[in-house]
Amino acid sequence: MRNILDRSFTIMARACLCLMALTLLGFLLPIIYNGLGAVFFNATVEHEKFLRENLDYDIPQKKIELIERADAARAPLWKMISSYENSHGAAESGKLLAQIRKDVFASMRADKETLEKILGLGGRERAEKLRKYAESAWKIYDLEASRLAKSEISPFALDKAFKSEQTSLESDAKKFASDCDKTMKLGFSKRNSLRRNICLPPLGLMKKLRAEISLQNAAYFELKNGIRELLGPSDKTEKSKLNLLRQRYGQTRMDMAKKTLEESILHINIKTKNSRGAEISRRVASKQYFKNSAVEDMIDYIENNFDSMLKPHFTAYWGFFFDEPFDSNIFGGIWPMICGTFYLTFGSMLIAAPLGIAAAIYFSEYAKEGRVISLLRMCVGTLAGVPSIVFGLFGLAFLINTLKVSESKSVLAGAITLALLILPTIIRACEEALKAVPQSYREAALGLGAGKWKAICTVILPAALPSMLTGIIISMGRAAGETAPIIFTAATSIGSALAISDIFTQPTPALPWNIYNICSEHEMADRVGHVQYGMVLTLIGLVLALNFAAIWMRARLQNKVK
Amino acid sequence: MEIKNNKLIMDKSANALGALTQRLGRALLFSITAIPTLAIIFIIFFITREALPFFSDLKNVAEFFTGTNWRPSNDADPHFGALPIFYGTVMVTVGSCIVAVPLGILTAVCLSEIVSKKISRIFKPVVELLAAIPSVAFGFFALIVFAPLLQNHGGIVLFGAALACGIPLSLIISLPLGEWVSIKILKLKDESAHPWVCTAIFVPGCSLVCAAAAALLNVEISSGTNALNASVILAIMALPTIVSISQDAINSVGRDMREGSLALGATRFETIFKVVLPCAKSGIAVAVILGLMRVVGETMVVWMASGNSLKIPEPFYNVLEPVRTMTATIAGEMGEADQSTGSARYHVLFAMSFCLLVGGLILNAASQWVASDRLKAKKI
């Protein structure tokens, strides 16, 4: 009985151990796998285009050919789009409408008497009569427009024709009214009433027709945006008009391209009216929606020529570490953040290490146990227990608002704050290291006639240095990863890599803060997934590399002692 | 001194100079050593100074600790009820302790008592690596990996966790309970019947656990960023601290104690529970307090994983609701209050960090007190 209990307990405890190892693995593996995806991935030609045009990369001839071939494969698609948008029937029917419009105005000009009679009436009656007159005059025009709306001309082109008709109707009405004003001396209110009412029926119809086809057009635009998102703009003139980089290039990564195809091209959001007449958004398969139209051919073309339009090829983008970010990290690398983390870590180390070593020397070599010393020791422990966010607030209230070490956030303020944070760890590690130096070393040094100071400098410190370094390196790792203290003292979310001369006055982007920022506050978080993972992997890699170095040093030290 | 040509005696001035530099050097070292003390004093002073404008109004203070309406940025009608925020902190802390303390102590026991030295040496770096991973990376994991998992497959995750905890727990409870029942209540003389009693207790207990787990299978989690997520991730962060410090404590229990216990016929389980752990209890208490401090002071994980909702969960133990903690509030709102230094919001956030600081100092004092108690006990 007791043995069963013993066994089961043993098994549970081992399971706990395994759980811990599994936790570490389960934590690290997805980060490593996805993080490596930021550097090694299946790129599309858009990636090379971006590198060539923004970062002056030398793209090998082979890849340039790839880009050209991809452009060639895209050409038919752009042609389909432009022919859909400017279909010939629309231009002709637009001309037809314009002709009818001119005829109607001519006939109204000819028929002056009726108009004069109507305009002679007063107020409300006048407006009503005018409307009736206009209705009968525009009958042919309205019929023709309604016929066109039901014809096979693409709604996109039709909308364009109707839009231009709308503007010309308005301007013609104005002109007609002012012409009548000149011949009949109408006065302000009559002229206005004429202008407003004479084209009312056709304008109302145009509005109604456009509203009907606008739902269809909205769906088409949605699809076209998806295509833009996938492939980028069609030519240079269109490209030069766009401001944001994310609009100027298509998807640079194959995984994102496939996602775009699935989510923005094969499926789109359309607006329909529900039974109560309110507009609702609905998600549909776009092929189904555009069945039997030219748009369906476009979608088919994209699906069938997906690879040849994007030319996927495996690439290792080392620039991820060394390039500046573009368009809030959607393109480019993370160099400024790495740089900022480097400044902050080394800055805090330069401040904290000498102080820590000096304090440790005092504690282990000079201090005699007493009340003052135990108070000092207690304060070291207390400092280690202060929450890191409180350090950040302290840095803000003391260093920036009171001492004014810099105008606002700066690397210097951040480094001092971080130095305070890691000081207790360094003091403890160094003290342990000094205590581990055998007493015989000290006695030998003193016995040879060295002063206390000399003994410390020439014998004790060198003996303790390796294990001191171990402690310092570990706390460096901690400084590199801390976020809370630098939020208010040093970190900014965007910016380029700082020059050394700027570190006293300027804030800097830093890996930990930007990881938070890109995860929680990025406007297009789903487009920068690889960058998120890449940044975290970089930070963890940096910290773990420091720790491995420390572990390795300690192991070597232990062997030496043996 | 009288023999002027004696070269053995140092020049008076050189002697004085040497003594002076010695003194100066020592004073310099001392002043450097006092930096942590100064830093503590300055931190307390400045946090208090910035918090005082808020605390000086007693009505504010009452609302701060009891109100539930938190609207510090509303200039016309500001409200500073921080109770949900305090409650969120407590909830997340307690939640992570429930996960981390048993797990951490068990792991420490396993590392120092059960597995061989070799395996324990392999595992030491694992614990250290877990401790070294930056908190923002944990926050990232919670937000990007764990939260979607909870949101999309919450039922399965809870089911698995309930089974993994419940079955061993019911086994561990049913074994001693069965023995106790068969001896004290049923008064069975025959020892071979005891296992049957234990089984009779274990089977319904286990099926109860399974039923509870199956009920969890249908739970839908509306938001992946909630108190549970934050608690679990914080527990993982606190584990290394708890494991390594309690391992030290357990290791420092003398060999003679263990051997005595084993020689008297106790099993390893009994030795660990009745001898080793009681001996190491103050060290383990220190470990738990330090782990707690890490959890309370942690910012990035709770900011990213807790959901930042200003409501007290309904019912109060519902860990699947989003909460908000003090650290997350400070980190999230100070950025906006920063520019208008001197605003009510700026001061109330400092007041909150003052509470955090006081809590940290109390916990720290407690840990040092327990540790010094232990030292004294050892000396005796």
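Every number in this text was worked out from the coordinates using simple rules, so none of it is lab data. All values reported here derive from a predicted model rather than from experimental measurement. Cβ sites come from the backbone with ideal geometry, for glycine too, and all protein chains shown count toward neighbours.
What the table shows:
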read-out	value
Principal axis dimensions, region B:254-380 - Cα atoms, whole angstrom, descending	69, 35, 21
Förster radius 30 Å - calculated FRET efficiency between residue B:185 and residue A:22 (Cβ-Cβ, nearest 0.05)	0.15
All Cα pairs of region A:175-244, percent lying beyond 17 Å	67 percent
Residue pairs, from the table A:163/A:190; A:112/A:163; A:129/A:185; A:163/A:287; A:404/B:311, whose Cα atoms sit over 31 Å apart	A:404/B:311
Mean projected area in nm² (Cα convex hull; one quarter of hull surface) for region A:366-485	9.0 nm²
Kirkwood Rh and Cα Rg combined as Rg/Rh, region B:214-289	1.23
With at most 10 neighbouring Cβ atoms within 10 Å, loop GluC sites (Glu not before Pro) (DSSP) excluded, longest segment of chain A	A:153-368
Calculated log₁₀ intensity ratio I(q)/I(0) where the Debye formula runs over C-alpha points of region A:86-214, q = 0.20 Å⁻¹	-1.07
Label point distance in nm, residue A:114-residue A:432, each placed 7 Å from Cα along Cα→Cβ	10.3 nm
Binned Cα-Cα distance frequencies in chain B - 10 Å width, integer %	5, 16, 22, 22, 16, 9, 5, 3, 1, 1, 0
Relative contact order computed over region A:423-503 (Cα-Cα under 8 Å; 6+ residues apart), in percent	37 percent
Per-q log10 I(q)/I(0), region A:435-531, q = 0.12, 0.19, 0.23 Å⁻¹ (Debye; single scatterer per alpha-carbon; no solvent)	-0.63, -0.93, -1.14
Average partner coverage of B:326-337, which counts Cβ from other chains inside 10 Å	3
Neighbour-count order for A:57, A:33, fewest beta carbons within 10 angstrom listed first	A:33, A:57
Region A:249-357 - convex hull of alpha carbons, volume per residue in Å³	184 Å³
Volume of the Cα convex hull of region A:313-443, divided per residue and given in Å³	175 Å³
Rh by Kirkwood over Cα pairs, then Stokes-Einstein D for region B:148-299 at 1.306 mPa s and 10 °C, µm²/s	84 µm²/s
Cβ neighbours within 10 Å from other chains - mean over A:23-34	4
Per-residue Cβ neighbour rank within 10 angstrom, fewest leading, B:352, A:108, B:237	A:108, B:237, B:352
Shape call, region A:337-389: gyration tensor on alpha carbons, a/c limit 1.5	oblate
Net charge dipole size for the protein assembly as shown [Lys, Arg +1 and Asp, Glu -1 on Cβ; Debye, nearest 20]	820 debye
Amide H within-cut-off set for residue B:80, under 5 Å, with H built and near neighbours excluded	B:71
Positive-pole candidate from A:8, A:326, A:154, dipole of chain A, charges at beta carbon	A:154
Efficiency of FRET from Cβ geometry, residue A:212 and residue B:314, R₀ 51 Å, rounded to 0.05	0.60
Average partner coverage of B:23-34, which counts Cβ from other chains inside 10 Å	5
25 °C / 0.890 mPa s Stokes-Einstein diffusion coefficient of chain A, Kirkwood radius on C-alpha pairs, µm²/s	79 µm²/s
Rg/Rh for region B:103-165, where both radii come from Cα atoms and Rh is the Kirkwood radius	1.10
Greater than 18 Å apart at Cα, pairs in A:150/A:224; A:79/A:236; A:224/A:271; A:79/A:311; A:160/A:208	A:150/A:224; A:79/A:311
Total charge dipole magnitude, region B:13-128, about the Cα centre, Cβ charges on Lys, Arg, Asp, Glu only, Debye to nearest 20	800 debye
Cα pair distances of the protein assembly as shown binned at 10 Å [whole percent]	2, 9, 14, 17, 16, 13, 11, 7, 5, 3, 2, 1, 0, 0, 0
Dimensionless Rg over Rh [region A:161-292; C-alpha; Kirkwood]	1.20
Per-pair calculated FRET efficiency, R0 = 45 Å: residue A:373 and residue B:74 via Cβ, rounded to 0.05	0.35
Region A:437-562: relative contact order in percent, alpha carbon pairs under 8 Å with at least 6 residues between	30 percent
Hydrodynamic radius by Kirkwood, which averages 1/r over all alpha carbon pairs of region A:20-59, in angstrom	12.4 Å
Relative contact order %, chain B, counting alpha carbon pairs below 8 Å whose residues are six or more apart	24 percent
Residue order, fewest to most beta carbons within 10 Å, for B:107, A:492, B:199, A:167	A:167, B:199, A:492, B:107
Structure-based [θ]222 nm, the protein assembly as shown - -39500 (n - 2.57) summed over DSSP H runs of at least 4, per residue, nearest 500	-23500 deg cm²/dmol
Debye log10 I(q)/I(0) at q = 0.13, 0.14, 0.18 Å⁻¹ for region A:22-160, Cα point scatterers	-0.82, -0.88, -1.05
Difference of contour (0.36 nm per residue) and Cα-Cα distance, residue A:274 to residue A:505	77.3 nm
